[in-house]
Amino acid sequence: MKAERFPVSGRRIILRAKPNGLPKAEDFACETAAVSEPGTGQILVRVDWLSIDGFMAGRLKDQANYAPGVGIGQTMQAFGVGRVVLSGTEHFTVGDYVYGPFGMCEWALMEASPEVKKLDPSLGPPRLHLGMLGISGWTAYVGLFNVGVVRPGETVLVSAAAGGVGAVAGQLAQIGGARAVGIVGSEEKVALATSKFGYAAAISRHDSDFSNRLSAACPNGIDVYFDNTGGAIYDNILDRMNIHGRIVVCGRMANAALADSRQDIGPRDHNDILVKRLRKQGFIVTDYSSDFDRITRTLAALRAEGRLVLPEDIAEGLPNAPGALVRLLRGENLGKQLVRIGTET
């Protein structure tokens, strides 16, 4: 690998203005900044791929969240994969492929912390560690089996079922012996969910007969609802939940269009939760990081067997990363949304 001369400069995406509702590409800017040589305990990573995920919308709001948000002038947060170019620690070697919270940038100077993980190239191309073998796959697996405790024979309903997390969740539910039903954002995604991801049925949330179609798709009720959206979709499923059903709160894509998530006020649900003895639980996937290696190898084995697939929706070039985020939040992506900013495949 060619040695870099310092100082090096690289591009990054910064937040230029706090969005009022759905972010726009104009809320961000691409700028060039100097990159420092790593010191003791640090590594310098050449970032090749970025993951675009729903949680990023919450990092743009001025309200409490489970992690700090992005301030004006700061690098937009994102997970990525890349290669170590220089290392100031024995834990990483030049040439190692790594995953971590690098942000929307070409170069990332990182502390050698547990957040930065060395990848096993034998499991598949590095970019897969942002999708089915990484944050999307981990989230789907943890939500279904650790939080939802899905059992064979149950009905699992998944919203945003053709996205990175939803597509994997539907397949894993079926692999676990459950019947999976998906809610998606278009008729094109209905076809994708049933033909590519094996959902027993899928419904567009824009369908004028959505309520009746949902009832028809879940004739025996819903045992587990994997909620990626919240909002009006959530309001529609409560009276269809079975006794002792579980609601897995994974994401709140419906809130992305709101300036303040506290504006998300729908029907009161306490009666359904009480009478049906439902369990509603949110989760943050990083709370389960100690199990990520095992989950990754489980997912890699399923992929190798041809039982797990995840199409990739790829935007080319760092300047297009904000547009990719806007596209995801509008529900226009098909499969895992990625941004390629390097040369690795």
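Remark: for residue pairs 117/280; 196/276; 189/336; 61/196; 118/196; 61/118, the C-alpha separation exceeds 25 Å in 117/280; 196/276; 61/196; 118/196; 61/118. In terms of surrounding Cβ atoms within a 10 Å radius of their Cβ, 36, 290, 136 rank from fewest to most as 290, 36, 136. For the chain, averaging the sequence separation of C-alpha pairs within contact (under 8 Å, six or more residues apart) and dividing by the residue count gives a relative contact order of 19 percent.
Overall shape: prolate for region 84-164, with the ratio a/c of the largest to smallest alpha carbon gyration tensor axis at 1.5 or above and a/b above b/c. Sparse packing (at most 15 other Cβ atoms within 10 Å of the Cβ) combined with a DSSP loop state is found for the following trypsin sites (Lys or Arg not before Pro) in region 291-320: 307.
Relative contact order of region 1-104, taken over Cα pairs closer than 8 Å and 6 or more residues apart, is 29 percent.
Restricting attention to region 135-286, close to 0% of DSSP beta bridges with both partner residues there are antiparallel. Not counting the cut sites, what is the longest span of the chain without GluC sites (Glu not before Pro) that DSSP labels loop and that have at most 14 other Cβ atoms within 10 Å? Here the longest run is 116-304. Taking the Cβ-Cβ separation of residue 16 and residue 332 as r and a Förster radius of 22 Å, what is the calculated FRET efficiency to the nearest 0.05? The pair residue 16/residue 332 has a calculated efficiency of 0.45. Mean-square fluctuations from a GNM of the chain, with a 10 angstrom spring cutoff on Cα atoms, peak among 311, 219, 319 at 219. In percent, rounded to a whole number, the relative contact order of region 135-286 is 22, using alpha-carbon pairs under 8 Å and six or more apart.
By DSSP, what percent of the beta bridges with both residues in region 80-211 are antiparallel, rounded to the nearest 5? DSSP beta bridges in region 80-211 are roughly 40 percent antiparallel. Of all DSSP beta bridges located in the chain, what percent are antiparallel, nearest 5? Just about 55 percent of them are antiparallel.
Sorted ascending by nearby beta carbons within 10 Å, beginning with the fewest, 218, 250, 30 become 30, 218, 250.
No lab work stands behind these numbers, since they all come straight from the coordinates. Source: prediction; values computed, not measured. Cβ sites come from the backbone with ideal geometry, for glycine too, and all protein chains shown count toward neighbours.
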